[in-house]
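Accompanying notes for the structure given below.
The values are calculated or read from the model by the stated rules, or taken from the named source; none is laboratory data. For clarity, every value in this text was computed on a predicted model and none was experimentally measured. Every residue, glycine among them, receives a Cβ derived from its backbone with ideal geometry; neighbour counts consider all protein chains shown. Calculation scope for accessible area: heavy atoms of the full protein, side chains included, ligands and nucleic acids excluded. Shrake-Rupley method; radii C 1.70, N 1.55, O 1.52, S 1.80 Å.
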Amino acid sequence: ADQLVRLLEKVKGSQFIFVTGEAGIGKTNFILETLLYHENLKGRSLLFFPLRLFGSSAERSGSGRGNFRLLPELYSVAIGAKSTIPEQEVVRQMIREGDVIVALDGLDELARNRGQEAVKNVIFELEALVAGSEKARIILSCRDHIFERLQETGSLGRSGDEKPVTIKPIERETVQRA
């Protein structure tokens, strides 16, 4: 948790922080527990979005399949479905200023459900959102082997160059010694 907090607090740190680990290891819980309860992060707002839901509002509204955009869905989660352009701009600025930490859960699910092109589009959209900001922070969770594949194929853009925070299982020897 402290490693994640240090990355979030870095003045000139990466805008993107990847949290990786095997399936079921607790990536989502780790992110939520850290952001909600760590003393150093109290007072900062959190915008949490499960990527498995990405595109579902467009499908429900009948606006078709294909190229979905993430930002309208984030704005909808943050301030409601009928948000105005000025309200969306305020949320955008809050993200860019680091007042709101964006946590996107399940990049691996997005890759599985929507394909690698959807991952590229989301990363491109997020990079454009935070371009030029030193304070913006976006956390993305992803299964480790999918993260490596996305990294190798260049699907993570410039953000994929960062070393992830990796959640590891407790080693058997540690449990046996306890």
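Of everything in region 92-110, what is buried (at least 19 other Cβ atoms within 10 Å of the Cβ) and without any contact (Cβ under 8 Å) to a residue 40 or more places away in the chain? Give them in sequence order. Please lay out each step first, then the result.
Let us first name the residues in region 92-110 that are buried (at least 19 other Cβ atoms within 10 Å of the Cβ), namely 95, 100-108, 110.
Hit for region 92-110 is Asp108, nothing else.
Can you find, within region 6-31, the residue that is modelled with the lowest pLDDT among those that are exposed (fewer than 15 other Cβ atoms within 10 Å of the Cβ) and not in a loop (DSSP other than H, G, I, E, B)?
My answer is Glu9.
If we scan region 58-65, do we find a residue that is modelled with pLDDT of 75 or more and open to solvent by less than 50 Å² (accessible area, probe 1.4 Å)?
no
If Gly115 satisfies every condition in (1) farther than 19 Å from Ala23 by Cβ; (2) open to solvent by less than 10 Å² (accessible area, probe 1.4 Å) but one, which is the exception?
(2)
Do we find a residue being outside any strand (DSSP E or B) and over 22 Å from Thr28 (Cβ atoms) anywhere in region 143-150?
No, region 143-150 contains no residue that is outside any strand (DSSP E or B) and over 22 Å from Thr28 (Cβ atoms).
Residue pairs, Cβ under 7 Å, 6 or more apart or interchain, first in region 164-178 and open to solvent by less than 100 Å² (accessible area, probe 1.4 Å), second among the charged types (D, E, K, R). List them.
Thr166/Asp144; Ile167/Lys27
Can you say whether Lys135 is free of Cβ contacts under 8 Å to residues at least 12 places away in the same chain, of a type in the set (Lys, Arg) and either within 15 Å of Gly55 (Cβ to Cβ) or open to solvent by 50 Å² or more (accessible area, probe 1.4 Å) (or both), as far as the supplied structure shows?
no
In this structure, does Leu74 turn out to be open to solvent by 30 Å² or more (accessible area, probe 1.4 Å), outside any loop (DSSP other than H, G, I, E, B), at pLDDT below 95 and closer than 20 Å to Phe16 by Cβ? Outline the logic, then answer.
Numbers: open to solvent by 30 Å² or more (accessible area, probe 1.4 Å): no; outside any loop (DSSP other than H, G, I, E, B): yes; at pLDDT below 95: yes; closer than 20 Å to Phe16 by Cβ: yes.
So Leu74 fails the test.
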